[in-house]
Amino acid sequence: MDLGRFETSLAVADIARSLAFYKALGFRQTDGDVAIRNLTLRKGDCRLSLYQGYLEPPRTQLIFWQGRVAANARALIDKGLKFDDGQPRSAKDGGAAGMLRDPDGHPIYLIYMPVFHVNDPTHARKAPAYRPTRLKPDRRFGWYELNLASANLERTQAFYDAMGFRLVARDDASITLQNRDCRLVFRRDKANPGETRMMFRQGDIAAIAGDLMRKGLSFERRSNGLGLNDPDGHSVIFAYEPSTVRTEPA
């Protein structure tokens, strides 16, 4: 099932400060604006959206853009999955949107918009035609995974299997699932259900550390890499494990 173009979407308190942080990390802005309090960034195979005062609920969301919302929703409902409002909402201009939540409450949003930023004439523009893509990881950062908590890995896997994800790795404490550009790691964790970890794997840790120091960004060294927090406390982790079987996106 092609859900659409995936973006990790973060709720932020000060979008200008968050933008400065991610630009210092090396992300480039691809859409949106500080003035309208939402924007999109990209680094390698990571698409990241920042929202100030927009996300409801105000927590990390998995947003899939420009897919076949109505058709996908019918297929998901037929498999027993439930949307918050029963089914996606539709608009007169052909737009559609619907939210559902995985077994641990992580919000998943399917959105189709014929015009982006439709409520702001200064930034409104016709949405480009959607084409399925497979983004390439950044050579220095490595490949991207969104790491989330799960109270029951078996239940989580069954849910995402219904959404068209496939299992690509598993151990006693976690599972890795993938659907096109969306790669999710669920760790067995009941204590921190809402904690977001953005992970980059098998990159050049020494080069990343040197760049962070030159830019004055504080980070914590770990046995297998390093980590730091963005201005809103979201974890950004760089990990390198020589003994790990390579399971990056094909």
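The values are calculated or read from the model by the stated rules, or taken from the named source; none is laboratory data. What you see is a predicted model, and the numbers here were worked out from it, not measured in a lab. Cβ: placed from backbone, ideal geometry, glycine included. Neighbour counts: every protein chain shown. Calculation scope for accessible area: heavy atoms of the full protein, side chains included, ligands and nucleic acids excluded. Shrake-Rupley method; radii C 1.70, N 1.55, O 1.52, S 1.80 Å.
Out of curiosity, is LYS23 without any contact (Cβ under 8 Å) to a residue 40 or more places away in the chain and either under 30 Å from ARG139 (Cβ atoms) or under 20 Å from the mean Cα position of the chain (by Cα) (or both)?
Here the answer is yes, as LYS23 does meet what is asked.
Tell me which residues, restricted to region 10-43, are surrounded by 15 or more Cβ atoms within 10 Å (Cβ to Cβ) and of a type in the set (Val, Ile, Thr).
VAL12, ILE15, VAL34, ILE36, THR40
Testing ILE108 on (1) out of contact with any helix residue (DSSP H, G or I) (no Cβ under 8 Å at 6 or more places or on another chain); (2) free of Cβ contacts under 8 Å to residues at least 24 places away in the same chain, one condition comes back false. Which one is that?
(2)
Among (1) over 27 Å from ALA206 (Cα atoms); (2) of a type outside the set (D, E, K, R); (3) touching a strand residue (DSSP E or B) at 6+ places or on another chain (Cβ under 9 Å), there is one condition PHE141 misses while meeting the rest; what is its number?
So PHE141 meets the others, but not (1).
Among (1) more than 23 Å from PRO88 (Cα to Cα); (2) among the acidic types (Asp, Glu); (3) open to solvent by 10 Å² or more (accessible area, probe 1.4 Å), which single condition is GLU145 missing?
Looking at each condition in turn, GLU145 falls short on (3).
Just a yes or no: is a residue in region 168-179 in a loop (DSSP other than H, G, I, E, B) and open to solvent by less than 60 Å² (accessible area, probe 1.4 Å)?
Yes: one or more hits.
List the number of the failed condition for PRO231; all other conditions in (1) part of a loop (DSSP other than H, G, I, E, B); (2) within 30 Å of PHE83 (Cα to Cα); (3) under 20 Å from the mean Cα position of the chain (by Cα) hold.
With respect to (1) part of a loop (DSSP other than H, G, I, E, B); (2) within 30 Å of PHE83 (Cα to Cα); (3) under 20 Å from the mean Cα position of the chain (by Cα), PRO231 is out only on (2).
Which of the residues spanning region 103-116 are open to solvent by less than 40 Å² (accessible area, probe 1.4 Å) and either closer than 15 Å to ASN38 by Cβ or under 17 Å from the mean Cα position of the chain (by Cα) (or both)?
Selection gives ASP104, GLY105, HIS106, PRO107, ILE108, LEU110, ILE111, PHE116.
Yes/no matrix, rows are residues, columns are (1) in a strand (DSSP E or B); (2) over 21 Å from PHE6 (Cβ atoms):
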residue	(1), (2)
ALA35	no, yes
LEU39	yes, no
SER49	yes, no
GLU56	no, no
ALA75	no, no
GLN87	no, yes
GLY94	no, yes
ILE111	yes, no
